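Structure first, then comments.
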Amino acid sequence: MYPQHVIARKRDGHALTGDEIKYFVRGATDGSWADYQLSAMLMAIFLRGMTAVETAALTDAMMRSGSVADLGAIQRPKADKHSTGGVGDKVSLPLAAMIAACGVAVPMISGRGLGHSGGTLDKLESIPGFRVRLSLEEYRSQVDRIGLCLIGQTAELAPADRKLYALRDVTGTIECVPLICASILSKKLAEGTDVLVGDVKFGRGAFMPDKAKARELARALVSVSTSMGTPMRAILTAMDEPLGRTVGNALEVAESIDCLEGRGPADTMEVTYALGEQMLLLARVARTPAEAREKLAATIASGTARQKFVEMVIYQGGDARVVDEPQRLPQAKLKVPLLAPRSGFVSDVDALAVALAALRLGAGRTRTEDKVDHAVGVSELVKMGEPIEAGAPLCVIHANDDPALAEARAMLAKAIVVGDAKGVPPKLVDEVIGA
Ligand code: URA
């Protein structure tokens, strides 16, 4: 086999064999294919697509390009969720603790934020001392002992994806369902979960704004994961306005603690419950959505989910006092309200524009090597449809320098629109795929 022959077969629209796909992935992992050959193949896949069988073979080969965690000896059922990323999406934090408190282990390997969407690891790292870099053995042992571990991708995990993703980023081949599906699942399925639930977002603040395209991705994820032996469902959720009332790492941790104490914003809890129900159903610890919801709600009412979160923070070296005293989380020097210019209703809160303002404050990164400022962001954000008086706060901006504050303020003043019309957010949980 030669790379150029396999590339030409895909270029001409043929389905690749399992061996050809393994050859391509091996080439990405050991460097035996040149970058120009890998890039040509990625473009051929982008233009010609892949069948479900090819996508599953690609996912499997990419997953096996590195270590695959073996959690088979852990008796409890294991469930995890993956989100395609959004603005203010802190759902993983309360959800993982609630699921673990229901007796289902959550082995969660997460990513960092990039561009406008936030990342679970950055949020957790705003807790002083919290370690997200554990070895796969430490991870396995913590999942076994407390039923919950949230770590970052290690270098041993799906190295082929790291190579291919970097090439896709610079060759215009990111927006391709089979490639996205293999990229996401090669990492997620290497973590050793029994079942998986996806939160595939659509709308202005989503990685894939178009709903039809998001649905296509959700269907591909569900079908490939399930065919590879990990039953999966996905929900399509709207990401037009930020989720909850905070955007920014430490601020989102504080809001996650609110969720665990029964004071979470309605939209954040709606997505958390929708995902949690599917996780408990797939893990077979609940028979109906109503039973699953009851179990999840009980973990909040009894404080067991909050306790699980504390336990995880302690196990991972973090200062668990932040749970009782969120003021111990990093604090910005400047906390300045943005005031409503007139009375009326909140007609719009543009998730993407709010995310870009948070990025300007330093809450995210534009390149993988950038450092994030955990303290900055936006809190007390109004929601679409709420009434507002002139001079009342639309949000509070948390900044660490004046120029960033001034620019973010101007961006937020455009992102949040007050008018006569009540803004109507789209239905949040739109569809369940694979139920
Ligand atoms: N997230 C990933 O991990 N991979 C993609 O290709 C897109 C989003």
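The values are calculated or read from the model by the stated rules, or taken from the named source; none is laboratory data. Quick caveat: nothing in here was measured; it's all calculated off a predicted structure. Cβ coordinates were reconstructed from backbone atoms using ideal geometry, including for glycine residues, and neighbour counts include every protein chain displayed.
General remarks:
- Of all residues assigned to the stretch 133-148, none qualifies as being over 15 Å from the mean Cα position of the chain (by Cα), in the same structural domain as Met239 (by TED's automatic domain parsing) and within 16 Å of the ligand (Cβ to nearest atom).
- Any hit, the stretch 184-196, residues being away from the ligand (no atom under 13 Å from the Cβ), at pLDDT 95 or above and not in a strand (DSSP E or B): yes
- Any hit, the stretch 169-181, residues being within 15 Å of the ligand (Cβ to nearest atom), surrounded by fewer than 19 Cβ atoms within 10 Å (Cβ to Cβ) and either of a type in the set (D, E, K, R) or under 27 Å from Ile74 (Cβ atoms) (or both): yes
- Test: Asp194 is crowded, with 21+ Cβ neighbours inside 10 Å and farther than 15 Å from Gly111 by Cβ: yes
- Members of the stretch 61-97 found to be under 17 Å from the mean Cα position of the chain (by Cα) and among the hydrophobic types (A, V, I, L, M, F, W, C), listed by number: Ala79, Val87, Val91, Leu93, Leu95, Ala96, Ala97
- Elements of type helices (runs of 4 or more DSSP H) in the stretch 252-339, at least 3 residues being assigned by TED's automatic domain parsing to the domain that holds Arg140, β-branched (Val, Ile, Thr) and out of contact with any Gly (no Cβ under 7 Å at 6 or more places or on another chain): 304-315
- Matching residues, the stretch 1-47, being assigned to a helix (DSSP H, G or I) and either modelled with pLDDT under 95 or among the acidic types (Asp, Glu) (or both): Asp19, Glu20, Asp30, Asp35
- Residue check, Asp373 touching a residue at least 24 places away in the same chain (Cβ under 8 Å) and surrounded by fewer than 16 Cβ atoms within 10 Å (Cβ to Cβ): no
- The residue pairs whose first member lies in the stretch 399-422 and is closer than 19 Å to Ser343 by Cα, whose second member is of a type in the set (Lys, Arg), and whose beta carbons are closer than 9 Å, counting only pairs six or more residues apart or on different chains, are Val418/Arg342; Gly419/Arg342.
- Ala214 being more than 10 Å from the ligand (Cβ to nearest atom), assigned to a helix (DSSP H, G or I) and either modelled with pLDDT of 95 or more or not hydrophobic (A, V, I, L, M, F, W, C) (or both): yes
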